[in-house]
Amino acid sequence: MDLKVYYQKLRQVEGSITEPDLVVASLGTPDGGRAGVLTEVPRALAAKLIVEGGARRASDEETSEFRARVAEAKRLAEQSAAVNRIQVTVVSEPQEEGKRQKTKSKTAQE
């Protein structure tokens with residue numbers, strides 16, 4: 001492949017991408033790459049993948065579905081992290097009463 005032509009195509013494709021990040025759909029490759037896997041990549045990498053034939057620009061519908069799935073996964077991860085941060089200590093009343101009496105007796109001794 002002529003490098004001059006390759007880099008011209010690369011600049012042309014990168015120039016046509018207006019967003020900083022682009023959702024691309026992978027194409028099947030002879031070495032086992034799976035077709036249809038959606039990924040969000042920076043503009044330069046998207047252009048490289050498209051020019052080299054490893055991916056195509058995802059449709060608007062695919063992009064919106066992908067971003068919705070990512071947002072839902074993020075929401076679930078944040079919710080799971082919040083659940084793990086909450087710590088609850090259960091103290092029965094007799095234990096609490098014992099602590100109060102110890103505190104009162106220490107205060108009275110001082």
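The values are calculated or read from the model by the stated rules, or taken from the named source; none is laboratory data. Model, not experiment: these values are computed from the prediction. Here the Cβ is made from the backbone with ideal geometry for all residues, glycine too, and neighbour counts use every protein chain on show.
Tabulated data
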| item | result |
| --- | --- |
| Odd one out for Leu10, checked against (1) touching a residue at least 40 places away in the same chain (Cβ under 8 Å); (2) loosely packed, with under 15 Cβ neighbours inside 10 Å | (2) |
| Segment 37-70, residues that are small (Gly, Ala, Ser) and loosely packed, with under 10 Cβ neighbours inside 10 Å | Gly53 |
| Residue among Arg34, Arg100 that is at pLDDT 80 or above and either surrounded by fewer than 11 Cβ atoms within 10 Å (Cβ to Cβ) or within 20 Å of the chain's Cα centre (by Cα) (or both) | Arg34 |
| Subset of segment 55-69 (residues that are among the hydroxyl-bearing types (Ser, Thr, Tyr) and either within 12 Å of Gly36 (Cβ to Cβ) or in contact (Cβ under 8 Å) with a residue 24 or more places away in the chain (or both)) | Ser59, Thr63 |
| Spans of strands (runs of 3 or more DSSP E) in segment 1-89 with at least 2 residues among the aliphatic types (A, V, I, L, M) | 21-26, 38-42 |
